[in-house]
Amino acid sequence: MKSARSVLAAVALAVLSAGATTALATPASAAPNTTPQKVCGSGYKTVNSAPIGSLGTVYLTYNAANGQNCVATIRTNPGTAADMSAWVYIPDTDEGDSDSGQFTSYAGPTYVYGKGHCVDWGGHIAGIHVQVSGSNCAALKEHRATFTR
């Protein structure tokens, strides 16, 4: 019985030591652990983005090889799960995709075929929502809106 307690105490001490070392090595506001390309795929290039207050950024990416757009919402400081979303919509074709839920780092990826079409896209983190309409339409001017709910 005494040896079992000694083993448990040694294991507990080792776990606490490892946790303390990890906690001390991690900065208080960790940088995002991902990029739009990690979320969407290596063939995607960022073509537009919009800040979501100081909480993060929503990114619109495009893959020229397959004509697909991808949207990802990435937090500035990953951590405790928060209500988030990422969405993309092509008004001309009435096609879209979305991802929402409780996430620690990012929402998405969301994909839609968008070659030659205007794109509506956006996302939210906590109560701050960003919506971009008529984006990437050559000479047409896009409309951006940020609001809280």
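The values are calculated or read from the model by the stated rules, or taken from the named source; none is laboratory data. None of the values given here were measured: they were computed from a predicted structure. All Cβ positions, even for glycine, are placed from backbone atoms using ideal geometry, and neighbour counts span all protein chains on display. Each accessible area value is taken on the protein alone, full model and side chains, heavy atoms only, with ligands, DNA and RNA left out. Shrake-Rupley method; radii C 1.70, N 1.55, O 1.52, S 1.80 Å.
The criterion of being in contact (Cβ under 8 Å) with a residue 24 or more places away in the chain, under 20 Å from Arg149 (Cβ atoms), open to solvent by 20 Å² or more (accessible area, probe 1.4 Å) and not small (Gly, Ala, Ser) holds for Pro51.
Residues are listed down the side, and each one gets a yes or a no for (1) open to solvent by 30 Å² or more (accessible area, probe 1.4 Å); (2) among the small types (Gly, Ala, Ser):
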residue	(1), (2)
Ser85	no, yes
Thr93	yes, no
Gly96	yes, yes
Gly101	no, yes
Gly122	no, yes
Val130	no, no
Arg144	yes, no
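State whether one or more residues within region 70-93 are touching a residue at least 60 places away in the same chain (Cβ under 8 Å) and either out of contact with any Asp or Glu (no Cβ under 8 Å at 6 or more places or on another chain) or under 23 Å from Asn33 (Cβ atoms) (or both). Show your work before the answer.
Taking region 70-93 and keeping what is touching a residue at least 60 places away in the same chain (Cβ under 8 Å), we get none.
No, region 70-93 contains no residue that is touching a residue at least 60 places away in the same chain (Cβ under 8 Å) and either out of contact with any Asp or Glu (no Cβ under 8 Å at 6 or more places or on another chain) or under 23 Å from Asn33 (Cβ atoms) (or both).
What do you reckon, is Ile90 over 23 Å from Gly43 (Cα atoms) and at pLDDT 95 or above? Against the criterion (over 23 Å from Gly43 (Cα atoms) and at pLDDT 95 or above), Ile90 does not qualify. Being modelled with pLDDT of 95 or more, in contact with a Pro (Cβ under 6 Å, 6 or more places away or on another chain) and either surrounded by fewer than 20 Cβ atoms within 10 Å (Cβ to Cβ) or not hydrophobic (A, V, I, L, M, F, W, C) (or both) is a description that applies to Ser105. Taking only region 93-141 into account, find how many residues are closer than 24 Å to Gly43 by Cα, part of a loop (DSSP other than H, G, I, E, B) and among the acidic types (Asp, Glu). Selection size over region 93-141: 0.
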